[in-house]
1. In segment 52-67, which residues are loosely packed, with under 12 Cβ neighbours inside 10 Å and either of a type outside the set (Gly, Ala, Ser) or in contact with a His (Cβ under 9 Å, 6 or more places away or on another chain) (or both)?
2. Test of understanding: among 18, 38, 5, 25, which residue is modelled with pLDDT under 85, among the hydrophobic types (A, V, I, L, M, F, W, C), assigned to a helix (DSSP H, G or I) and surrounded by 12 or more Cβ atoms within 10 Å (Cβ to Cβ)?
Amino acid sequence: MWQTIAEAVLEILAEWLIALFWWIILFPVVWLVSLPFILVIALFRRERYDIAVTNMLSSVDYFWREWGLCFTP
């Protein structure tokens, strides 16, 4: 009985660590891939350039906070 509980706890812990690792590794990759697109698109916005870039980068952060853990393997 204790062995099955220990296995379940270890499995949950391993899944959590993999998800955390995946989230930490993939978030900067998403940011770096989206950055060139954001910089170009910000040129065509009606806002000032720096405000447009900041707003779009914050939207990437918001998206990642909401959906980042859904992309775990």
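1. Result: 62, 65, 66, 67.
2. From the options 18, 38, 5, 25, the qualifying one is 18.
The values are calculated or read from the model by the stated rules, or taken from the named source; none is laboratory data. This structure is a prediction, so every number in the text was calculated from the model and none was measured. Cβ atoms come from the backbone with ideal geometry, glycine included; neighbour counts cover every protein chain shown.
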